[in-house]
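Below is one structure, written out as structure tokens; the observations come after it.
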Amino acid sequence: MEKVELREISNEGRVKDLVDTNFWKGKKVFITGHTGFKGAWLCLWLHALGAEITGYALKPPTSPSLYDLCRIDELINSNIADIRDLSKLRTALVRAKPDIVIHLAAQPIVRLSYLEPVKTYEVNVLGTVNILESIRYAVNMGIPIKTFINVTSDKCYENKEWAWGYRENDPLGGYDPYSNSKACSELITSAYRNSFFNLKKSQQQGVSISSARAGNVIGGGDWTTDRLIPDCVRALLSSQTLEIRNTNAIRPWQHVLEPLSGYLILAQKMHESNCHFAESWNFGPDYQDERTVGWLVHLLVKKWGNEILIKHIQEKKIHEAHILKLDCSKSKAELGWYPKWNLETALDKVIEWTKAYQAGSDVKEVCLSQIDEYSNSKKGEKDEYSSS
């Protein structure tokens, strides 16, 4: 691989925003899973950048949902259908004629995967096969798709409970059905890239294929069941007891805009250089934001300002990783991506969004304001935590 130009740095040593409005204006983007939490935020950001968006997903998985509250169906062409339906997916993709495809559709909950392993593998594994097969079909039909990003998970690695972060070349694995299904999705992506989309071989189809592995995302508008921050917010809004498990578990927490910016930068790089960036990439927080569940809950409750009863539960029936960290050195050095908001800032944005929702404000405008603030912020503007 030839040398990659490092990110542009200002006189203060801070990194300028690399998400290029000029690149995205008029680009046709096909997003699976657009009705989910991350998908809704991504749709809002891309629409603000001037992209033409087509979504493909089931109905919003929660009520309320960020997708509905932000009236995203008014901004994009939305297909409400199942990722497991190859015929419908293929038809929607061909009709959209996209330049870029971002695959977010998934069964995203670890504990649910124990209850519904077959569905988890169908959605996360067969769904990956279906979107890649649809791309192959569309390209053969003359659709000029150039870039595909499969968004998987930090949990795709074989977790050895290391104190350091996993790198992109570490072994894949996954203890539980969810984590394992994401490792399978990674292997499928690699196999299709090598077998059908190897741009170094002239007879192959010209699509750049990458995967993105993000940490634990938080942000306003997440009502997912069995996720820490949504559970905390529900307890705070209702003044009910908050039950948390695995208090000492460490996760790579980050605001949802952090990995989304990574996907956008990666897509730009892939689109402009073809196979140069067709690999796997980690998008996670800096090491100081790899915090325990207990630390995160304590700071969120303190910032919220209400006292609630917290009950600690040690879950023994279902295995969950104790330590999970990501090494993002590759993304920082080769893509120029970097985390902008530390964990304290991320929690501030969750509270800001939630209290605006509680007050009946237009949360779409809150989202767009936070996207604009994130885009214009620089790394290191708030480096010290007010609580430890």
Checklist entry - Is it true that residue 220 is modelled with pLDDT of 90 or more and either closer than 24 Å to residue 295 by Cα or of a type in the set (Asp, Glu) (or both)? => result yes
Checklist outcome for this item: In the range 69-96, anything within 23 Å of residue 373 (Cα to Cα) and either hydroxyl-bearing (Ser, Thr, Tyr) or out of contact with any strand residue (DSSP E or B) (no Cβ under 8 Å at 6 or more places or on another chain) (or both) is listed as 69, 70, 71
Checklist entry - Does residue 49 satisfy the condition of being more than 28 Å from residue 277 (Cα to Cα), surrounded by 17 or more Cβ atoms within 10 Å (Cβ to Cβ), aliphatic (A, V, I, L, M) and at pLDDT 95 or above? => result no
Item to check | Scope the range 47-82; condition assigned to a helix (DSSP H, G or I), out of contact with any Pro (no Cβ under 8 Å at 6 or more places or on another chain) and free of Cβ contacts under 8 Å to residues at least 60 places away in the same chain; matching residues | outcome: 47, 72, 73, 74
Item to check | Output for the range 230-260, where each listed residue is assigned to a helix (DSSP H, G or I) and open to solvent by 10 Å² or more (accessible area, probe 1.4 Å) | outcome: 231, 233, 234, 237, 238
Checklist entry - If we keep just the residues of the range 281-317 that are of a type in the set (A, V, I, L, M) and part of a strand (DSSP E or B), which is surrounded by the fewest Cβ atoms within 10 Å (Cβ to Cβ)? => result 313
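Condition check ((1) assigned to a loop (DSSP other than H, G, I, E, B); (2) within 19 Å of the chain's Cα centre (by Cα); (3) buried (at least 24 other Cβ atoms within 10 Å of the Cβ)) across all residues:
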{"position": "84", "(1), (2), (3)": "yes, no, no"}
{"position": "101", "(1), (2), (3)": "no, yes, yes"}
{"position": "105", "(1), (2), (3)": "yes, yes, yes"}
{"position": "124", "(1), (2), (3)": "no, yes, yes"}
{"position": "135", "(1), (2), (3)": "no, no, yes"}
Checklist entry - Could we say that residue 320 is part of a loop (DSSP other than H, G, I, E, B), open to solvent by 30 Å² or more (accessible area, probe 1.4 Å), within 22 Å of residue 153 (Cα to Cα) and at pLDDT below 95 here? => result yes
Checklist entry - Is there a residue being modelled with pLDDT under 95, more than 20 Å from residue 243 (Cα to Cα) and either within 22 Å of the chain's Cα centre (by Cα) or not basic (Lys, Arg) (or both) anywhere in the range 290-305? => result yes
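The values are calculated or read from the model by the stated rules, or taken from the named source; none is laboratory data. From a predicted model like this one, the values you see are computed outputs, not experimental measurements. Neighbour counts run over all protein chains shown; Cβ positions are idealised from the backbone, glycine included. All accessible areas refer to the heavy atoms of the entire protein, side chains included, with ligands and DNA or RNA removed. Shrake-Rupley method; radii C 1.70, N 1.55, O 1.52, S 1.80 Å.
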